[in-house]
Amino acid sequence: MATQLEILHILRAAQRPVRDQALALIAHLPRSRFTSRVAGELDALTRRRLEMTGTGWVQMPLPVTAGLGGQLAAVRRMERLLATTRPQVVHAYGFQASFTALSARRRLPEPPAVICSPFGPPGLPRGSTILRSLVAMAAGWVLRSADAVTVQSDFEAETLLPLAGTAPPELVHVPEGVVVETLREDFEAGAKRRLVGLDPAAAIIGVMAPPDGAGMGPVLQAARLVCDMRPNVEFVSLGQGGKTPHFARIAHELGLSGSVVFLGDRADLNEIIASLNILLVPQYFPGVTSAVVHALTAGLPVVVSDSADLPDLVRGVRQKRVVPAGDVAALHDALSAFIDIVPRRPEEDLFDSELGFSYRELLIPETAVDLDTLGLDAVSSAEMSQEQKAVQRVIDRYSMSRVATRFADLYAQTAAAVGRS
């Protein structure tokens with residue numbers, strides 16, 4: 001019987017999309033082949049989720065600045081942990097976790113393989129040019145020193161390769177994994193809307209706000225154009241990047257105070273998405289893939305910008321619009337096209353043949369609404385419409401089971417390459 005590989009995952013729980021990816025991956029790894037342990041800055045929720053799956057954890061602070069003292073202290077702690085637990089593979093999430101793990105293994109007699117999943121370029125400190133250069137140099141060293149570097153998209157690869165200098169690493173493409181959550185049997189869209197302060201009788205457009213708020217300015221300007229002609233439309237911003245005084249002020253100045261709700265980060269995000277009429281994604285960011293997949297699964301039309309890999313995410317789906325990033329007029333036209341057309345024969349298919357609306361109808365002048373019939377029923381592939389098949393292909397492409405299989409193979413390969421299998 002083959003020996004189980006010991007995998008040490010290093011992460012910072014405050015980075016929610018990273019944490020969720022790591023925990024979902026650990027839950028999907030085959031227990032017969034791998035034993036997982038997690039180290040890093042872990043909040044109570046993360047520790048509780050790990051304990052529920054029987055996964056061991058070690059609380060270990062990671063530096064938040066480039067200060068030499070903090071970095072050395074973290075390396076010494078990590079070195080002791082690696083010497084004690086003796087994992088064959090370390091999977092480090094983010095540049096700081098990767099830098100600490102790679103530095104700590106240098107003096108070990110049997111160093112583990114280190115896989116780096118950067119989740120985008122490092123956050124470069126503002127102000128000091130010297131400090132920015134040091135962080136960029138450290139990131140380049142991480143990319144060149146890791147036994148494997150995984151990226152979730154071509155866009156992420158393009159942003160990372162310049163950091164590696166003249167000896168770029170071979171990047172392993174593993175997409176963001178999505179676990180499609182099933183709605184509760186008693187879920188009711190109107191009740192969820194009332195619970196979070198949305199109008200049950202309005203057409204609701206959800207906006208996935210990037211953590212840095214990129215693209216939200218043009219979205220609010222497009223919202224003004226949409227709402228000027230349609231008093232029964234509301235916008236809801238999802239994500240902490242949109243819930244700022246800056247965007248609240250812009251919304252007020254545009255006369256949108258009663259038409260825009262800023263909800264911020266939500267644990268019930270998937271239920272809120274299922275109660276929307278349209279999902280809008282103005283910019284790509286880690287974690288947004290799950291929101292788009294859940295929207296498609298619930299039968300929502302989606303509007304995405306052409307930034308990064310968003311167009312590829314909705315490839316093959318008809319119930320979508322792809323618009324130039326930051327183009328206010330294009331945003332308005334795409335949203336209006338979905339809002340103003342209601343399917344004529346909703347009983348014939350779960351998706352309308354033209355725009356892909358499900359039974360969920362929008363409230364427009366002289367039109368009734370049905371907000372409570374949501375989601376896709378389980379039907380055989382032979383009965384699926386072309387649109388349903390396209391959505392299923394998206395779900396399959398980003399399935400966490402498929403992602404876990406990719407990582408399982410990568411763990412075995414890197415462990416064998418460094419002689420730790």
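The values are calculated or read from the model by the stated rules, or taken from the named source; none is laboratory data. Every value quoted in this text rests on a predicted model; they were computed, and no experiment measured them. Cβ sites come from the backbone with ideal geometry, for glycine too, and all protein chains shown count toward neighbours.
Among the residues of the stretch 148-170, the ones that are in contact with a helix residue (DSSP H, G or I) (Cβ under 7 Å, 6 or more places away or on another chain) and surrounded by fewer than 19 Cβ atoms within 10 Å (Cβ to Cβ) come to 5 in all. Within the stretch 262-269, is there a residue that is outside any loop (DSSP other than H, G, I, E, B), over 16 Å from the mean Cα position of the chain (by Cα) and either buried (at least 23 other Cβ atoms within 10 Å of the Cβ) or among the charged types (D, E, K, R) (or both)? Scanning the stretch 262-269 turns up no residue that is outside any loop (DSSP other than H, G, I, E, B), over 16 Å from the mean Cα position of the chain (by Cα) and either buried (at least 23 other Cβ atoms within 10 Å of the Cβ) or among the charged types (D, E, K, R) (or both).
How about the stretch 287-308: which of its residues are at negative phi, under 14 Å from the mean Cα position of the chain (by Cα) and not hydroxyl-bearing (S, T, Y)? V288, A291, V292, V293, H294, A295, listed by residue number. Residue selection: A251 fails the criterion of being in contact (Cβ under 8 Å) with a residue 12 or more places away in the chain and more than 16 Å from P282 (Cβ to Cβ). Reported count of residues in the stretch 80-89, each being within 18 Å of L62 (Cα to Cα) and buried (at least 17 other Cβ atoms within 10 Å of the Cβ), is 2. Within the stretch 18-43, the set of residues being more than 20 Å from the chain's Cα centre (by Cα) and of a type in the set (K, R) comprises R31, R33, R37. Just one of (1) more than 20 Å from V196 (Cβ to Cβ); (2) free of Cβ contacts under 8 Å to residues at least 12 places away in the same chain fails for A267. It is (1). Taken as a whole, the condition of being more than 28 Å from A22 (Cα to Cα) and either part of a strand (DSSP E or B) or modelled with pLDDT of 95 or more (or both) does not apply to A382.
Looking at the stretch 145-246, the strands (runs of 3 or more DSSP E) lying wholly inside it that each contain 3 or more residues that are aliphatic (A, V, I, L, M), assigned by TED's automatic domain parsing to the domain that holds S259 and modelled with pLDDT of 90 or more sit at 203-208, 233-238. When V149, V142 are screened for being closer than 20 Å to P17 by Cα and in contact (Cβ under 8 Å) with a residue 24 or more places away in the chain, only V149 passes.
Residue by residue, here is whether (1) at pLDDT 95 or above; (2) out of contact with any helix residue (DSSP H, G or I) (no Cβ under 6 Å at 6 or more places or on another chain); (3) part of a helix (DSSP H, G or I); (4) not acidic (D, E) holds:
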{"residue": "A308", "(1), (2), (3), (4)": "no, no, no, yes"}
{"residue": "V317", "(1), (2), (3), (4)": "no, no, no, yes"}
{"residue": "R321", "(1), (2), (3), (4)": "yes, no, no, yes"}
{"residue": "A337", "(1), (2), (3), (4)": "no, yes, yes, yes"}
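Here the condition is being outside any helix (DSSP H, G or I), in contact (Cβ under 8 Å) with a residue 12 or more places away in the chain, basic (K, R) and surrounded by 13 or more Cβ atoms within 10 Å (Cβ to Cβ); of R37, R77, it holds for R37 alone. The lone criterion from (1) closer than 20 Å to D327 by Cα; (2) more than 16 Å from the chain's Cα centre (by Cα) left unmet by Q283 is number (2). Looking for something in a helix (DSSP H, G or I), modelled with pLDDT under 95 and small (G, A, S) - is there at least one such residue anywhere in the stretch 59-70? Yes, there is a match, as at least one residue in the stretch 59-70 is in a helix (DSSP H, G or I), modelled with pLDDT under 95 and small (G, A, S).
Of all residues in the stretch 43-63, those satisfying the criterion of being surrounded by 12 or more Cβ atoms within 10 Å (Cβ to Cβ) and either among the β-branched types (V, I, T) or not assigned by TED's automatic domain parsing to the domain that holds P112 (or both) are T46, T55, V58. Being modelled with pLDDT under 90 and outside any strand (DSSP E or B) is true of F285.
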